[in-house]
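Read the structure below first, then the notes.
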Amino acid sequence: MSAYLLLSAGRGPRECAWALAELLRRLEGDAVRQGVTVQRVQVAPGDGLGTCRSALIRMSGADAEAFAASWTGTLCWQAPSPYRAGVGRKNWYVTAQPPPSDAPTTTFAEADVEIVGCRTGGPGGQHRNKASTAVRATHRPSGLVVVVDDERQFSLNRRIALELLRQRVERGDEAARRAVAVARWRIHDDLVRGDPTRVERPEPVSAPRRQRRGRAASGR
């Protein structure tokens with residue numbers, strides 16, 4: 001079982017790209033404890049060293065979907081800015097949303113095309129008007145239909161019809177891919193600051209232990 005999340009710093013300041021990188025590491029650590037495997041599929045680096053503007057990740061394992069749900073929404077990294085001293089703001093927001101699925105690629109095959117001969121209308125001579133030289137071609141998987149009567153031979157019209165259908169199927173696939181890309185970019189613009197579903201903070205730094213003095217320290 002697998003699930004995907006797209007994490008984005010949106011159009012926030014560079015602290016948000018830093019926060020995204022910190023949250024991604026926190027997420028990966030949480031995944032290890034939950035028995036979920038995380039793979040970084042695609043990462044867009046930020047301006048600062050080790051920062052991320054966005055990251056597409058894949059989670060796999062028995063609890064992958066539940067784990068992804070626990071990290072979905074507006075995430076907040078609560079810590080002082082590492083870039084601007086004296087800035088009062090400590091909340092840096094990123095969004096984590098399931099990305100739109102990739103558009104499937106249609107495999108065009110002549111076996112999926114229904115070819116029917118039909119009579120053409122209009123000028124062209126007695127033979128062209130009476131003979132079934134025109135072609136009506138239907139691509140069954142997509143429902144696309146073309147009618148071709150450019151030539152006086154059925155075989156030529158058939159060849160043209162198949163090529164037209166192939167081109168239309170390819171254009172349809174390209175349009176679907178563009179729609180997915182646009183939907184993914186909208187996630188970057190839909191970042192809602194405030195009311196986070198999850199707040200994470202840096203781990204507290206433990207104070208170094210002082211060496212015990214006296215007899216216990218000297219071993220006496």
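The values are calculated or read from the model by the stated rules, or taken from the named source; none is laboratory data. Computed from a predicted model, the values in this text were never measured in an experiment. Glycine also receives a Cβ, built like all others from the backbone with ideal geometry; neighbour counts cover every protein chain displayed. These area figures cover heavy atoms from the full protein model, side chains too; ligands, DNA and RNA do not enter into them. Shrake-Rupley method; radii C 1.70, N 1.55, O 1.52, S 1.80 Å.
Stretching residue 90 away from residue 112 to a fully extended chain increases their span by 2.0 nm, per 0.36 nm per residue minus the current alpha-carbon distance.
Counting heavy atoms of the protein chains alone, residue 110 has an accessible area of about 100 Å² for a 1.4 Å probe. Residue 90 sits among other residues whose Cβ lies under 11 Å from its own Cβ, and their net charge, with Lys and Arg +1 and Asp and Glu -1, is +1.
Net charge near residue 114: determine it from the other residues with C-beta under 10 Å of the C-beta of residue 114, scoring Lys and Arg +1 and Asp and Glu -1. Net charge around residue 114: +1. Ligands, DNA and RNA excluded, the heavy atoms of residue 149 present near 50 Å² of accessible surface to a 1.4 Å solvent probe.
Simple spin-label estimate for residue 140 and residue 170 gives 2.4 nm between the two label positions (7 Å along the Cα-to-Cβ direction from each Cα).
Averaged per residue, the stretch 1-100 has 47 square angstrom of accessible surface, using a 1.4 angstrom probe with ligands and nucleic acids left out. Solvent-accessible surface of protein heavy atoms, probed at 1.4 angstrom with all chains present, puts 92, 18 in the order 18, 92, largest first.
Of the accessible area of the stretch 1-149, computed with a 1.4 Å probe over protein heavy atoms only, carbon and sulfur atoms account for 49 percent. The modelled label-to-label distance between residue 102 and residue 62, using points 7 Å beyond Cα along the C-beta direction, is 2.9 nm.
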